[in-house]
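Working notes, structure below.
Just so it is clear, none of the values below were taken in a lab; they were calculated from the coordinates. Please read these numbers as outputs of a predicted model, since none were measured by experiment. With ideal geometry, Cβ positions are generated from the backbone for all residues, glycine too; neighbour counts draw on all protein chains shown.
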Amino acid sequence: MIKTLCVFCGSSMGKGTAYAGSAEKLAEYLTFNNINLVYGGANVGLMRILADTMLASGGKVIGVMPKSLVEREVAHTGLTEMHIVEGMQERKALMADLSDAFIALPGAYGTLDELFEVLTWNQLGIIHKPIGLVNINGFFNSLLLMLDQAVEEKFLRPEHRNMLLVDDDFERLFHKLKTYRPVIAEKWIERLKEGKI
């Protein structure tokens, strides 16, 4: 059951109105379904749109931000809860602890860093939580092709590729998140001993 969702997204608005519009729709979906939001705590870009839309409709919004960013005055001051942490690794760990699932909206380095961190934690069995991408306007198409190429070239195992759930529709994506079952893959060392890799 997903009671709290962590969303990774850009500190910029992106080009055009589609990305901001999708952030608003996601916030409305979460509020309507009584799902709490965990995010990076910023008051800029898609992060602000997401938080403000949820707060305006009575949703619960939890921010997690390193002290250094708070000191640069990019923190949202109107959140339900704000956790101030020492650094980025502590931020990501706390966001993961507070959340039942993860979604990434479009963004850049920070968004991708957070996304791949939780994917890696799932791959290693550190966590077993569903992870989704909202593929607005095909934004993540090139990334998905890269992951498929990694499978083709035997750098990424198919079961680990399939941990990343993708859709451009919130309801379909949430259905995938809710029905996700962690894949417990064989340990690499066991496969190596058996001559499978």
Q: Under a 10 Å cutoff between Cα atoms, tell me which one of Glu81, Glu114, Glu153 has the largest fluctuation in the Gaussian network model of the chain.
A: Glu153
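Helix by helix through the chain, keep the DSSP H runs that span 18 Å or more along the axis on Cα and average at least -1.0 on Kyte-Doolittle, and give those back in order.
On the way: long enough: 18-32 (21 Å, 0.15); 109-123 (21 Å, -0.21).
Qualifying helices: 18-32, 109-123.
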Q) Of Phe139, Met54, His160, which is farthest on the positive side of the dipole of region 39-197, counting Cα position, with +1 on Lys and Arg Cβ, -1 on Asp and Glu Cβ, and the Cα centre as origin? A) His160
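Dipole size in debye (nearest 20) for region 4-193 around its Cα centre, Lys and Arg Cβ +1, Asp and Glu Cβ -1? Before the final figure, lay out the partial values.
On the way: 19 positive and 23 negative charges, 65 e Å.
Computed charge dipole of region 4-193: roughly 320 debye.
Kindly flag which residue pairs out of Lys92/Lys178; Lys3/Lys129; Lys67/Lys92; Lys67/Lys178; Lys154/Lys178 have an alpha-carbon separation exceeding 24 Å in this structure. Don't jump to the answer; show the numbers that get you there.
Values: Lys92/Lys178 22 Å; Lys3/Lys129 12 Å; Lys67/Lys92 14 Å; Lys67/Lys178 34 Å; Lys154/Lys178 29 Å.
As for pairs spanning more than 24 Å Cα to Cα, those are Lys67/Lys178; Lys154/Lys178.
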(Q) Net charge within 13 Å of Arg91 by Cβ-Cβ distance, Lys/Arg positive one each and Asp/Glu negative one each, not counting Arg91 itself? (A) -4
Q: For region 98-125 and region 3-65, write down the distance between their C-alpha centroids in whole Å.
A: 16 Å
Q: Classify region 30-130 as rounded, prolate or oblate from the Cα gyration tensor: take a ≥ b ≥ c as the square roots of its eigenvalues, call it rounded if a/c is under 1.5, otherwise prolate when a/b beats b/c and oblate if not.
A: oblate
Q | Most fluctuating residue given options Glu71, Glu86, Glu117, as computed from a GNM of the chain linking Cα atoms under 10 Å | A | Glu71
**Q.** Fluctuation leader among Gly63, Gly41, Gly125 - the chain, Gaussian network, Cα springs under 10 angstrom
**A.** Gly125
(Q) List the residues, sorted by chain then number, that are 5 or more residues from Phe8 or on another chain and whose placed amide H is less than 5 Å from its amide H. (A) Ile103, Ala104, Leu105
Q | Total formal charge among the other residues, if their Cβ is under 14 angstrom from that of Asp52, Lys/Arg +1 and Asp/Glu -1 | A | +1
Q. Taking amide H positions as placed 1.01 Å from N in the peptide plane, with prolines and chain starts having none, which residues 5 or more places from Val85, or on another chain, fall under 5 Å of its amide H?
A. Met65, Lys67
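Considering only DSSP beta bridges whose two residues both sit in the chain, what percent are antiparallel, to the nearest 5? Don't jump to the answer; show the numbers that get you there.
Numbers: 1 of 23 bridges.
Around 5 percent antiparallel, to the nearest 5.
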Q. Can you put Ile103, Ile126 in order, fewest other beta carbons within 10 Å first?
A. Ile126, Ile103
Q) Can you work out ³J(HN,Hα) from phi for every residue in region 59-66, in order, using Karplus 6.51 cos²θ - 1.76 cosθ + 1.60 and θ = phi - 60°, giving whole Hz and x for Gly and Pro? A) x, 9, 10, 10, x, 9, 9, x
Q: Based on the mean of other Cβ atoms within 10 Å per residue, sort peptides 72-80, 129-137, 47-55 so the most packed one is first.
A: 47-55, 129-137, 72-80
